[in-house]
Amino acid sequence: MFRFDITEILISLPGIVIGLAFHEFAHALMSDRLGDPTPRSQGRLTLSPLPHIDPIGFFMLIFMGFGWARPVQINTKYYKKPRRDSILVSAAGPFTNLIIAAVFVVFARLFLTSGLPYNLRTNIAISVLAIFDNAIWINIILFIFNLLPVPPLDGFHIVSNLIPLRHYKVIYVLERYGSIILIILILTGATSSIISKPAQFIYDSLFKLFSL
């Protein structure tokens, strides 16, 4: 459903931009460290969001609630252990989002305990907390969503490198129809149902973990 709430968009924007940029940078950095020069040669070894953002995917994410970034291109021929290293590269993005969510939990905790909210105008303090909270939720959702074992998500690349090679036909079929499956899951709300409870659990756990 199309949405245009300028306040909601501005509050969500930092979490979305940071989440996407760090996610793709993590893929690029991991692949680079494993010997693949491709991400570096294509200018993806940066935290600047510009090389990582796909304009259409970014527009969809802001106004439709789902979207995508520009995937980092890799070349597995440079890896010493292609299957293992491919798993590490795929996992780097989502787990970076989880770390970012934890960092924003710490920011929120420090902000609340610093006394700053009492020295700021109420609407400013609420806006700052809303930005932190949105960033936490967005990055938790990016973490879980990208680990779903559906092409072209990172979770599929992890699972496909764990499955014995003799089952390549199953992988081939999933790759061929994966995008269609993913669109159906999103449009039917299945992804929201799958993600909601784990996301709430992680959100609550992070605040308990970093309670001050």
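The values are calculated or read from the model by the stated rules, or taken from the named source; none is laboratory data. Keep in mind that this is a model prediction, so the values were computed, not measured. A quick note on method: Cβ atoms are made from the backbone with ideal geometry, for glycine too, and the neighbour counts reach across all protein chains shown.
For F66, only one of the following conditions fails: (1) in a helix (DSSP H, G or I); (2) of a type in the set (F, W, Y); (3) under 30 Å from T188 (Cβ atoms). What is its number?
(1)
Quick check, is P151 in contact with a Leu (Cβ under 9 Å, 6 or more places away or on another chain) and surrounded by fewer than 22 Cβ atoms within 10 Å (Cβ to Cβ)?
Values: in contact with a Leu (Cβ under 9 Å, 6 or more places away or on another chain): yes; surrounded by fewer than 22 Cβ atoms within 10 Å (Cβ to Cβ): yes.
Yes: the conditions hold for P151.
Report, by residue number, each residue of the stretch 65-91 that is buried (at least 21 other Cβ atoms within 10 Å of the Cβ) and either touching a residue at least 60 places away in the same chain (Cβ under 8 Å) or at positive phi (or both).
Quick first cut of the stretch 65-91, residues buried (at least 21 other Cβ atoms within 10 Å of the Cβ) only: 69, 72, 74, 85, 89-90.
Within the stretch 65-91, V89, S90 qualify.
Starting from residues that are exposed (fewer than 15 other Cβ atoms within 10 Å of the Cβ) and touching a residue at least 24 places away in the same chain (Cβ under 8 Å), keep the ones in the stretch 47-62 and report whichever is farthest from T7 (Cα to Cα).
L47
Filter the stretch 1-48 down to residues that are at pLDDT below 95 and either farther than 25 Å from M64 by Cα or not in a helix (DSSP H, G or I) (or both), then give me how many there are.
5
Across the stretch 158-184, what is the number of residues that are surrounded by fewer than 17 Cβ atoms within 10 Å (Cβ to Cβ) and modelled with pLDDT of 85 or more?
6
Out of F107, F132, F143, I need the residue that is more than 12 Å from the chain's Cα centre (by Cα) and buried (at least 18 other Cβ atoms within 10 Å of the Cβ). Which one?
Working: F107 fails: buried (at least 18 other Cβ atoms within 10 Å of the Cβ); F143 fails: more than 12 Å from the chain's Cα centre (by Cα).
On inspection, the qualifying residue turns out to be F132.
Please work out if S160 is under 17 Å from I99 (Cβ atoms), free of Cβ contacts under 8 Å to residues at least 40 places away in the same chain and in a helix (DSSP H, G or I).
Working: under 17 Å from I99 (Cβ atoms): no; free of Cβ contacts under 8 Å to residues at least 40 places away in the same chain: yes; in a helix (DSSP H, G or I): yes.
Against the criterion (under 17 Å from I99 (Cβ atoms), free of Cβ contacts under 8 Å to residues at least 40 places away in the same chain and in a helix (DSSP H, G or I)), S160 does not qualify.
Give I184, I140, I144, I171 a once-over and let me know the one that is under 12 Å from A101 (Cβ atoms), free of Cβ contacts under 8 Å to residues at least 60 places away in the same chain and part of a helix (DSSP H, G or I).
On the way: I184 fails: under 12 Å from A101 (Cβ atoms); I140 fails: free of Cβ contacts under 8 Å to residues at least 60 places away in the same chain; I171 fails: under 12 Å from A101 (Cβ atoms).
Going through I184, I140, I144, I171 in turn, the sole match is I144.
Could you tell me how many of the residues in the stretch 72-130 are at pLDDT 90 or above and not in a helix (DSSP H, G or I)?
The total comes to 7.
So P152 passes all but one of these: (1) within 19 Å of the chain's Cα centre (by Cα); (2) part of a helix (DSSP H, G or I). Which condition number does it fail?
(2)
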